[in-house]
Amino acid sequence: MSTPLFLKLKNNSDSVNIMKIAIIGTGYVGLTTGTCFAEIGHEIICVDVNEEKIENLKKGIIPIYEPGLEEMVRKNKINFTTDAKKAIKFAEIVISAVGTPMGKNHDADLQFVKEVAETFGKHANNQKVFVNKSTVPVGTGKICKKIIETEFKKRNVDFGFEIVSNPEFLREGTAIKDTLEADRIVIGTETNNARKIMKKLYEKIEAPILFTDIKTAEIIKYAANSFLATKISFINEMAGFCEKAGGNIKDVAKGIGLDKRIGKKFLNAGIGYGGSCLPKDVKALIQKGQEFDCDFPLLKAVEEINENQKNLLFKKLQKHLGALEGKLIAIWGLSFKPKTDDMREAPSLTIIKKLQATGAYIHAYDPKATENAKKMIESFNIEFCKTPLDTASGANALVILTEWDEFAQTDLKRLHSVMKNPLILDGRNLLNKEIVEKAGFKHVGIGQPDQKPHETAKLLEHA
Ligand SMILES: NC(=O)c1ccc[n+]([C@@H]2O[C@H](COP(=O)([O-])OP(=O)(O)OC[C@H]3O[C@@H](n4cnc5c(N)ncnc54)[C@H](O)[C@@H]3O)[C@@H](O)[C@H]2O)c1
């Protein structure tokens, strides 16, 4: 498949400056970044310590599910290697995109970032730019600079180098579009030279570039993710209020989201945020705050609401079914959101663990994340099924945990005929309550108390 048609690149093909780039860390971010830079004409080497991953990538097999990425990897000439030394020598820009997982105290674990800086310091053979694309706490640029300087000193060399913070904002599931049609590019630098080089790197991408100092760029990434998490916890708090007071959260979200100051996105009430970024980044920012005497009471509340939200569906299940021991619960969706196979911090993990503790039996299905889920979920009382209908067969309740499109297109008649008890707990408000209840189900959503259809808001579109 060629570049998806929806992509809008700057039409300046005559003036493309081909740059030599090494990406260190070939995960969701590194692979997408490397592939997109190759797509716009740069020469790319992608490095990873995981030999199996690199061997597969050489054969065109990609380790993650990301729409359009496999085709783009195959189309572009990307070098994949485990040899960081070779890659660093080749490149004028070295981009670190390694993981920054949650550390013991909920801070960001920088061991991989530090390793990359050390490797850079050991092998750089002329003046280069070191770019931090991983999400790193404020001050990390300075730490990397020190590590590189120390390594240069040990070698008795002084090539000069530039440190840049260039945080990544892509979302899994739309990673290519988010990279090639970015809302903005944030570049934190200390020098005009680094600014010029980074501008050249991104010259084919039509997006506003915000140049800042390094610390500000590092903070922007955490501020962005914390704000998104806040939006989710806010709407979830409102959903709880709707359940008690009798409103419908879907219409509340519509009603506030149409206000351009608020915006429609990240206002879907549900079972809480998960994934590899929001939970760890909110925690890491709170943790970093301690160093500077910043308590972050708002973010602490955001976290608390999110933790409670993950338990909400389980409580609703108990309310409707009583004791869960021996009951069969069907689960649709395991990944933390649709269009990805990423299971990191997925709310499904919390809910499944709780169900297993009650002695309930679980049938689970996900279109893409099942293999990753199997590695993270204890294998007792759970069977992973091949289709949504097989999963629901004989179930006392169906629980929707991820809003994959295919679940919304389910044949309700067939679903009704295979379930033992027609109860749907819709943790993502994916299905239309009115239609589902007309098909004979009891539908329990989030922030959607039972109400007559005519009470649901209709938005009149004016010409
Ligand atoms: N996944 C996202 O949606 C997303 C979005 C924006 C920002 N981020 C941030 O980007 C960073 C990377 O995230 P990710 O999801 O791509 O992580 P990932 O775990 O998918 O990939 C990291 C890769 O780095 C490799 N690695 C570790 N140490 C290495 C080393 N010394 N040399 C070479 N390779 C090494 C690992 O083997 C792994 O393949 C994180 O800081 C994350 O917070 C992620």
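The values are calculated or read from the model by the stated rules, or taken from the named source; none is laboratory data. Note that this is a predicted model, so its numbers are computed, not measured. Cβ coordinates were reconstructed from backbone atoms using ideal geometry, including for glycine residues, and neighbour counts include every protein chain displayed. With ligands, DNA and RNA removed, areas are computed over all heavy atoms of the protein, side chains included. Shrake-Rupley method; radii C 1.70, N 1.55, O 1.52, S 1.80 Å.
Tabulated values for the structure
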| read-out | value |
| --- | --- |
| Cβ-based net charge around Ile219, under 12 Å, with every Lys or Arg adding one and every Asp or Glu removing one | 0 |
| DSSP beta bridges in the chain [antiparallel fraction, %, rounded to 5] | 5 |
| Calculated SAXS-style log₁₀ I(q)/I(0) at q = 0.10, 0.19, 0.20 Å⁻¹ - the range 256-377, Debye, Cα scatterers | -0.40, -1.11, -1.17 |
| Summed side-chain charge close to Ala87 - residues other than Ala87 whose Cβ falls under 13 Å, Lys, Arg +1, Asp, Glu -1 | +2 |
| Pairs beyond 31 Å (Cα-Cα), from Lys104/Lys199; Lys215/Lys368; Lys283/Lys327; Lys231/Lys368; Lys58/Lys310; Lys53/Lys215 | Lys104/Lys199; Lys215/Lys368; Lys283/Lys327; Lys58/Lys310; Lys53/Lys215 |
| Spin-label model distance (nm) - Lys89 vs Asn432, 7 Å beyond Cα toward Cβ | 6.3 |
| Percent of Cα pairs exceeding the 18 Å cut-off, where the set is the range 32-79 | 20 |
| Electrostatic dipole magnitude of the range 17-211 [Cβ: Lys, Arg +1; Asp, Glu -1; Cα centre; debye, to 20] | 660 |
| Nearby aspartates and glutamates by direct alpha-carbon distance to Lys204 (threshold 16 angstrom, same-chain neighbours under 8 apart not counted) | Asp14, Glu39, Glu43, Asp178, Glu181, Asp183 |
| Isotropic mean projected area of the C-alpha convex hull, the range 221-309 (nm²) | 6.1 |
| Mean separation of Cα contacts under 8 Å (6+ apart) over length of the chain, as relative contact order % | 12 |
| Over the range 225-455: Kirkwood hydrodynamic radius from C-alpha pairwise inverse distances, Å | 18.2 |
| Where Rh is the Kirkwood radius over Cα pairs, Rg/Rh for the range 17-211 | 0.94 |
| Dipole of the range 17-211, positive end: most advanced residue of Tyr202, Phe37, Thr189 [Cβ charges, Cα centre] | Thr189 |
| Three-way shape label, the range 288-336, alpha-carbon gyration tensor, a/c 1.5 | prolate |
| Span per principal axis, largest first, for the Cα atoms of the range 373-425 (Å) | 33, 24, 19 |
| Spin-label pair Asp295/Lys386, simplified geometry with 7 Å Cα→Cβ offset, distance in nm | 5.7 |
| Relative packing of peptides 270-277, 387-394, 362-369 - highest average C-beta neighbours within 10 Å first | 270-277, 362-369, 387-394 |
| Where the Cα pairs of the range 133-288 fall when distances are cut into 5 Å bins, in % | 2, 8, 14, 15, 16, 14, 11, 8, 5, 3, 2, 1, 1, 0, 0 |
| Dipole moment magnitude, nearest 20 debye, the range 243-369 about Cα centre, only Lys, Arg, Asp, Glu C-beta charged | 480 |
| Neighbour net charge for Val47 - beta-carbon separation under 11 angstrom, K R +1, D E -1 | +1 |
| Anisotropy class of the range 341-420 from Cα gyration tensor, a/c 1.5 cut | oblate |
| Magnitude of the charge dipole, the chain, Cβ model with Lys/Arg +1 and Asp/Glu -1, debye to 20 | 220 |
| Lys/Arg +1, Asp/Glu -1 at C-beta; the chain dipole; positive extreme among Gly275, Ser165, Pro388 | Ser165 |
| More than 30 Å apart - percent of Cα-Cα pairs taken over the chain | 51 |
| Cα gyration tensor category, rounded, prolate or oblate, for the range 248-293 with a/c compared to 1.5 | prolate |
| Hull volume in cubic angstrom per residue (convex hull over the Cα atoms of the range 72-158) | 117 |
| List Tyr65, Tyr361, Tyr28, ordered by accessible area with a 1.4 Å probe, largest first | Tyr361, Tyr65, Tyr28 |
| Within the range 373-387, backbone nitrogen closer than 19 Å to the virtual label 7 Å beyond the Cα of Glu406 toward Cβ | 373-375, 383-387 |
| All aspartates and glutamates inside 15 Å of Lys438 as judged from Cα atoms, apart from same-chain residues fewer than 8 positions distant | Asp411, Asp450 |
